[in-house]
Each structure stands twice: as C-alpha cells, then as structure tokens.
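Worksheet for the structure shown next.
The values are calculated or read from the model by the stated rules, or taken from the named source; none is laboratory data. Only a predicted model underlies this, so the values are computations on that prediction, with no experimental measurement involved. Counting neighbours? That spans all protein chains shown, and the Cβs are built from the backbone with ideal geometry, glycine included. The area values use the complete protein model at the heavy-atom level, side chains included, leaving out ligands, DNA and RNA. Shrake-Rupley method; radii C 1.70, N 1.55, O 1.52, S 1.80 Å.
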Amino acid sequence: MTSHSTTEFVVTPGGRLEGEVTVSGAKNSVLKLMAATTMASGTHTLYNVPDIFDVEVMCRLLESMGATTNRRPGVVEITVGELTPVAPFELVEQMRASTAVLGPLLARFGHAELGIPGGDDFGHRPIDMHLSGLETLGATFTSSADGVVGEAPDLMGGDVLLAFPSVGATENIMMAAVMAKGTTRIENAAREPEIADLASMLNKMGARITGSGSSTITIEGVTELEAVTHRVIPDRIQAATFLAAVGVAGGEVLLREARYDHMDMVCQKVGEMGLRTSPDRNGIWAMGPGRLNSVDLQTLPYPGVATDYKPFLVALLAVADGTAIVTENLFAGRFRYVDELVTMGANIRTDGNHAIVRGVERLRGARVKSHDIRAGAALVVAALGADGETIVIDDGHVSRGYPDLAGDLRALGASVETRPAS
Ligand code: EPU
C-alpha cells in the first residue's frame, strides 16, 4: 500500500532511458467507476486498478457508507447493499474525486450528503456546474459550511447545457440521469476518454447511454442496474509523464498498455518538439533524439492538450531550444511548480495564466518541493536532465496518482530513489 507521508525523491542524472514500462490503470477513471458501483447492489469487480493512495481513499469512502471492499494487486472488489448516502467531510476533504458519489447517491437513494470537496492545491475548484445540472434533473440542494445536502425524490430527465465541458460535472450528471425518468441530454459535455470508460461500465450495468466521448451525451433512464466486472483504461497522464522523461533524458522506450488514440494531441505536440512516438501493438513507442525544440502550447479540454500534461511539457520546454508561450485555460494557479523549476535554473516568467519559457541548455540539481501530483512528477522528470543531484520533497502528492514513479523510471535506467523526508 502506498502512503500519504512525506517522501523525498532523490534523482541522480544518468544517461538515456531504454527499455519498457507498463502504464497502470487511470486514476481519473477508476475513482469514478468506484463511485458508480454505489448505484447497483451486488459485487462489482474492477481490473487494472492502480495501487495508488486515492484508490485507498475511495475504498474508505465507500466503506464508510456501508459497502465492503477487497483489494488484491490490480483488482478491487466492491460489494454494495443498502448504503448510508453520506460522504463524510474527513474523507471528502482528502480527495476532490469524492464528489463523484453525489450523482449516483441521489439517483439511487434520492438523498445525498457530501462534505466540502478538497483535493489539489491549485486554486478555487467549485462544483456549481455539478449542482445546477443535477437541479435541472429535479434535485434540490442546501449548502452549509460543512458541505452540501441534496434531495431528489423523483429525478426527471432534462436538457443540460454545460457552460464549460467540466469532467466532474459531466460524470455526476450522467450518473444521476441513468436512473432518472425519461431522457437526459448533456450538451457541451466533456469528451475525455475517462468519461467514455465510465459510460461503458454504466452501460454494462444496464444503463442506456449514447454519445459518450462526444459533446452530446444522451441518457435514457432505467429503473435498475446490476453489478458488473470492468477493466479500467490505461492512465494517459502517467504515460505522458514517461514520454516527457524520455524527452528530457533522451533514449528509446516502450510504454506498455498506453493508448495512442487517447493521446493524439500530446503526441502531436511532443512530435513538433522533435520527440518521435508511434502506436505499437503493445502500447506506445517513443524515442528522444536529444535536445528538443520549443513550441507554444495551451491547455484545453479533451481532445486538446490536457492541463495535467502541462507540468511535464513545461519541464521539457525548460531545456528545449528556443522560447515558448504556455497558456493555462483550465485551472488558475497551476503554475506553482514553475518557481521550483526556476530554482533548478530554468528561465520561466509567469504572467496570469501565461508562462514564457526560455529554454536553457541544462538545469542544475536542487532541493525543490512538489505542490500537487503532476507538479511532483514533473520535477522528478526535469531532474533527469539536470547537472547534479535533485531532491524533490513530496508530502504524499505523487503517490496519490502514481503506483511507483521511482521504480518505473528505474526500470528505464534512471537513477531515482525514494526515502522518508529528512
Ligand atoms: N469548474 C467550475 N465549476 C464546476 C466544475 C468545474 O467552475 O462545477 C471549473 C474548474 O474550477 C476548472 C474547470 O472548470 O477551472 C475544469 O474542471 P473539471 O470539472 O473539468 O475538472 P475536475 O473534474 O475537477 C478532472 C481531473 C483533473 C483534471 C481535470 C481537467 C479527476 C479526479 N480530476 O478534474 O485531474 O485536471 O479533470 O481535465 O478526474 C489530476 O489527475 O491530477 C487532476 C487534477
């Protein structure tokens, strides 16, 4: 089991990366699939489950409501019967993805209580779109300092137009609509592969969802669902972390299980920088030829370049040839790791949601701190190409999303160790 304690990654720069690494199941899929199990009694089995801290938090959340969970490597079994539809504050505050139980609980029990959402420390992350979409289906909410209480004795299908293609709002509304009376249409829905994965599991459970993966999702309500077995899609963000690693260090690697069709845009972007990638029968093959070129980029909802890729891409640009302008369009404040890269010798200036990255030949090892899952991983990646040892102090963020980042990078020949923080 991974733990949420303070760790140091110790990175000693080495040579090119060679070999292969297996990408685990997607964090941002499995957590929602686990939430969806609350909608049907019986034992659900999920395969390709990553051994990460957030899965443990979701198990605890489901158990606190009355479900039982059983984990073995790569598998989680969840047995659901009658549940108490209350997601306690102390668990919800640990993990933003806990909000995914709101739609399922309202659908099945007509009542749900949710502590205030916590999660990564990158700005204000409201759930107003989740709530207004669920209100369109007939739910009502009261909010207090402790959280949100929802009532939905009779969910009815309706047309929901999202102001922004929010991943979490699309998922919550889609799950609630599965058991609402009549037809729901979500317009401007998020199109992330994790949403299509969730819809695919819900359809196996008996839901009638069409259009997932596109901007319009249609859901015909059903009255009952059943427990199922489902395999989680691979984690595209983890795969992008390894792509960036080979970009920084050079070399040739195979990312087993990674799905090129989920990563077209990021592969195109790193391709413009000079990193070669191609789909392989077993995953994605990648080759880093040496120093890459700068390209401008902006984060966008899928199929654009995901905000989660950005820290790795900035780490690549920090040592690329030329100047790039990087624009963050999703989360305000998601540039905190830039100060840490600057400590390592990067030449980056931020202005609001823009960063100007002037590539330097080499970074230098330093003692830096990680502020969220992706920032921590990006600092480790950047350190692969620095002169001298880097220590990334991480208070548990990286293990929330990566089963064994250090071990995976070691499998590719990098020198990355973890130890308790000194
Ligand atoms: N937003 C609102 N109101 C809402 C919902 C969202 O204003 O009701 C805003 C957010 O504040 C943000 C934007 O809309 O500015 C996008 O948020 P979205 O709802 O799409 O994100 P999320 O569902 O909270 C998921 C992933 C994130 C990933 C984003 C964007 C999970 C558990 N998290 O978050 O992943 O960055 O989508 O793709 O699925 C990570 O894995 O490290 C991570 C943070």
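Overview of results
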read-out: Residue under evaluation Glu77, criteria (1) open to solvent by 30 Å² or more (accessible area, probe 1.4 Å); (2) closer than 30 Å to Leu330 by Cβ, criterion not met; value: (2)
read-out: Any hit, region 238-258, residues being assigned to a loop (DSSP other than H, G, I, E, B) and under 17 Å from Ala177 (Cβ atoms); value: no
read-out: Close pairs from region 47-64: first closer than 14 Å to Ala36 by Cβ, partner open to solvent by 30 Å² or more (accessible area, probe 1.4 Å) and not in a loop (DSSP other than H, G, I, E, B), Cβ under 7 Å, at least 6 apart; value: Leu62/Thr69
read-out: Test: residue in region 190-203 that is under 22 Å from Arg256 (Cβ atoms), within 15 Å of the ligand (Cβ to nearest atom) and without any contact (Cβ under 8 Å) to a residue 60 or more places away in the chain; value: yes
read-out: Yes/no for Thr69 being touching a Cys at 6+ places or on another chain (Cβ under 6 Å), without any contact (Cβ under 8 Å) to a residue 40 or more places away in the chain, open to solvent by 10 Å² or more (accessible area, probe 1.4 Å) and of a type in the set (Val, Ile, Thr); value: yes
read-out: Which numbered condition Ala163 misses (of (1) crowded, with 18+ Cβ neighbours inside 10 Å; (2) within 20 Å of Gly138 (Cα to Cα); (3) within 22 Å of the chain's Cα centre (by Cα)); value: (1)
read-out: Evaluation of Met265 against (1) part of a helix (DSSP H, G or I); (2) more than 16 Å from the ligand (Cβ to nearest atom); (3) under 24 Å from the mean Cα position of the chain (by Cα) (one fails), failing number; value: (2)
read-out: Ala377 being open to solvent by less than 20 Å² (accessible area, probe 1.4 Å) and not in a strand (DSSP E or B); value: yes
read-out: Subset tally (residues that are part of a loop (DSSP other than H, G, I, E, B) and modelled with pLDDT of 85 or more) for region 127-160; value: 10
read-out: Residue in region 83-104 that is of a type in the set (Gly, Ala, Ser), at negative phi, in contact (Cβ under 8 Å) with a residue 40 or more places away in the chain and more than 16 Å from the ligand (Cβ to nearest atom) present; value: no
read-out: Conditions (1) open to solvent by 10 Å² or more (accessible area, probe 1.4 Å); (2) within 16 Å of the ligand (Cβ to nearest atom); (3) among the aliphatic types (A, V, I, L, M): number failed by Val222; value: (2)
read-out: Some residue of region 324-340 being in a helix (DSSP H, G or I), hydrophobic (A, V, I, L, M, F, W, C) and more than 13 Å from the ligand (Cβ to nearest atom); value: yes
read-out: Flag for Val228 being open to solvent by 10 Å² or more (accessible area, probe 1.4 Å) and in contact (Cβ under 8 Å) with a residue 12 or more places away in the chain; value: yes
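One line per residue, one yes/no per condition, for (1) of a type outside the set (D, E, K, R); (2) buried (at least 16 other Cβ atoms within 10 Å of the Cβ); (3) touching a residue at least 40 places away in the same chain (Cβ under 8 Å):
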position: Ala286; (1), (2), (3): yes, yes, yes
position: Asn293; (1), (2), (3): yes, no, no
position: Asp308; (1), (2), (3): no, yes, yes
position: Leu313; (1), (2), (3): yes, yes, yes
position: Leu317; (1), (2), (3): yes, yes, yes
position: Tyr337; (1), (2), (3): yes, yes, yes
position: Asn347; (1), (2), (3): yes, no, no
